[in-house]
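Take a look at the structure set out below.
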Amino acid sequence: MKTILLIEDDTVLRENTTELLELSDYRVISSPNGKMGISKAKEEKPDIIICDIMMPEIDGYGVLEALSINQDTNQIPFIFLSAKTEHKEIRKGMDLGADDYLTKPFDEEELLSAIESRLAKAQLVSKIITEQTSGANQETKNSLRNLHELKNFFDDHGDFFQYKKGSVVYQKGDHTNMIYLISKGVVKTHKMDESGKELITALFKEDDFLGFTSLTDNTPYQESATAVDDVELSGIAKSKLKDILEKSNTISLELVELLTNNLSEIKEQLLQMAYSSVRKKTAHTILQFAQVLNKKPEESIKISRNDLASVAGIATESLIRTLSSFKKDKLIEIEGRTIKIIDLDGLRLVE
């Protein structure tokens, strides 16, 4: 029978979760705060730990850090359980070495699935470690394990770049040996068509990779990149990234999946540009900018009409007329370059 250590300060949630896990044939030990949880983890050496973040005495991050530096507990799978859903909180937990992150409220199936998955992975890792030499063990310990750690590597060891709004990050035809991670701001990539009209091919936001070309050849950029607002980037050499990917199949697969999803989004944008009405293109583009800029519906979007038209694939004049129509329909408010969404559902339903 596998043992689970549950560290949770909410008495009702702790008792209910304990009962749920015991009914699923797990032995459960619990702790009401982080300080006691650390002691129990060292004493009991459970098979897996589920830990809340916001707690008295020591919070969940402190628990993970304390157990990570202890040789007897640093290999125990660790799942954060918290009401926090902000991106930075999730990144912080994963960067510290957590194996998973569940948000409250959670359902029974979600919790049990996460536990079973992490226990299975821990069993496989334990088998691999047992079979490897001590030298191989050290190499595994020092190598990056997943995409979260790769992004953390960019932040900690990459070259730092800053670009003011409107500045060119790179131009079509430039040769480069760098791959970037956006730490702050939004970057647009764009091309010029035969008539000299700009077409925005993609928008990249905080935590996105930028500038992917061939990792083996010094291939020039096929498009230009410009800062939509003030931007901060971290960059590492393509040769270094290539070395990291060669050492980690997990990171390689996660990166391929990420880039595949990006291509799917670009295809969807091209279909919108090719077949949608002007009104639908405009509505879709406003929503897209709001998402990329991390704006809530009640917050304003400040973006140039040319950029909106370029992403939508329509003439600027057509876009301006459509925005006026949306204003009359009370879907948006307009003040200068600022756009504020008034009717989010209505904008989504525009045909």
Practice task
Determine if the stretch 86-96 includes at least one residue that is at pLDDT below 95, aliphatic (A, V, I, L, M), within 30 Å of Glu206 (Cβ to Cβ) and in a helix (DSSP H, G or I).
Solution key: yes
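If only one of Leu181, Leu203, Leu199 is in contact with a Leu (Cβ under 8 Å, 6 or more places away or on another chain) and either at pLDDT 90 or above or assigned to a strand (DSSP E or B) (or both), which one is it?
Numbers: Leu203 fails: in contact with a Leu (Cβ under 8 Å, 6 or more places away or on another chain); Leu199 fails: in contact with a Leu (Cβ under 8 Å, 6 or more places away or on another chain).
When all the criteria are applied, what remains is Leu181.
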Exercise for the section: Filter the stretch 184-196 for residues that are outside any strand (DSSP E or B) and more than 12 Å from Ala225 (Cα to Cα) and give the result. Expected result: Gly185, Asp193, Glu194, Ser195, Gly196
Handout entry: Any strands (runs of 3 or more DSSP E) falling wholly within the stretch 224-313 and containing at least 2 residues that are touching a His at 6+ places or on another chain (Cβ under 8 Å), at pLDDT 80 or above and closer than 30 Å to Gly336 by Cα
Key = 224-227
Exercise for the section: Restrict the check to the stretch 229-245 and report whether at least one residue is basic (Lys, Arg) and in contact with an Asp or Glu (Cβ under 8 Å, 6 or more places away or on another chain). Expected result: no
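Within the stretch 209-219, work out how many residues are of a type outside the set (Ser, Thr, Tyr) and open to solvent by 40 Å² or more (accessible area, probe 1.4 Å). Before the answer, list the steps.
From the stretch 209-219, those of a type outside the set (Ser, Thr, Tyr) are 209-212, 215, 217-218; that's our starting set.
If we keep only those that are open to solvent by 40 Å² or more (accessible area, probe 1.4 Å) too, we end up with 212, 215, 217-218.
So the answer is 4.
Any idea which residue in the stretch 39-66 is most open to solvent (accessible area, probe 1.4 Å), counting only those that are in a helix (DSSP H, G or I) and touching a residue at least 40 places away in the same chain (Cβ under 8 Å)?
Restricting attention to the stretch 39-66, the residues satisfying the condition of being in a helix (DSSP H, G or I) are 39-44, 60-66.
Still in the running and touching a residue at least 40 places away in the same chain (Cβ under 8 Å): 44, 60, 63.
Values: Glu44: 73, Gly60: 0, Val63: 0 Å².
Of everything passing the filter in the stretch 39-66, Glu44 is most open to solvent (accessible area, probe 1.4 Å).
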Fill in the blank from the handout: Pairs returned, first residue in the stretch 308-322 that is over 16 Å from Phe289 (Cα atoms) and without any contact (Cβ under 8 Å) to a residue 60 or more places away in the chain, second residue that is open to solvent by less than 10 Å² (accessible area, probe 1.4 Å) and of a type in the set (S, T, N, Q), beta-carbon separation under 7 angstrom, 6 or more apart or interchain, are Thr322/Thr282
Exercise for the section: Considering every residue within the stretch 158-173, establish whether at least one is modelled with pLDDT of 85 or more and either in a helix (DSSP H, G or I) or within 19 Å of the chain's Cα centre (by Cα) (or both). Expected result: yes
Fill in the blank from the handout: Sole miss for Thr189 among (1) modelled with pLDDT under 85; (2) under 19 Å from Arg305 (Cα atoms); (3) within 22 Å of the chain's Cα centre (by Cα); (4) not aromatic (Phe, Trp, Tyr) is condition (1)
Exercise for the section: Quick one: Ile29 ticks every box in (1) assigned to a helix (DSSP H, G or I); (2) surrounded by 14 or more Cβ atoms within 10 Å (Cβ to Cβ) except a single one, so which number is it? Expected result: (1)
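Determine whether Lys151 is at pLDDT 75 or above, closer than 30 Å to Gly211 by Cβ and open to solvent by less than 30 Å² (accessible area, probe 1.4 Å).
Working: at pLDDT 75 or above: yes; closer than 30 Å to Gly211 by Cβ: yes; open to solvent by less than 30 Å² (accessible area, probe 1.4 Å): yes.
When the stated conditions are applied, Lys151 passes them.
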Practice task
List every residue pair whose Cβ atoms lie under 7 Å apart, where the two residues are 6 or more positions apart in sequence or sit on different chains, the first residue falls within the stretch 169-184 and is of a type in the set (Lys, Arg), and the second residue, located anywhere, is open to solvent by 30 Å² or more (accessible area, probe 1.4 Å) and not in a strand (DSSP E or B).
Solution key: Lys172/Gln222; Lys172/Glu223; Lys184/Glu206
Handout entry: Tally of residues being over 20 Å from Arg118 (Cβ atoms) and in contact with a Ser or Thr (Cβ under 7 Å, 6 or more places away or on another chain) across the stretch 55-84
Key = 1
Fill in the blank from the handout: Scanning the stretch 212-234 for residues that are farther than 13 Å from Ala202 by Cβ and among the hydrophobic types (A, V, I, L, M, F, W, C) gives Leu215, Ala227, Val231, Leu233
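The values are calculated or read from the model by the stated rules, or taken from the named source; none is laboratory data. Computed from a predicted structure; not experimentally measured. Methodologically, a virtual Cβ is constructed for each residue, glycine included, from the backbone with ideal geometry; neighbour enumeration extends over all protein chains shown. Surface accessibility is based on the protein's heavy atoms, side chains included, excluding ligands, DNA and RNA. Shrake-Rupley method; radii C 1.70, N 1.55, O 1.52, S 1.80 Å.
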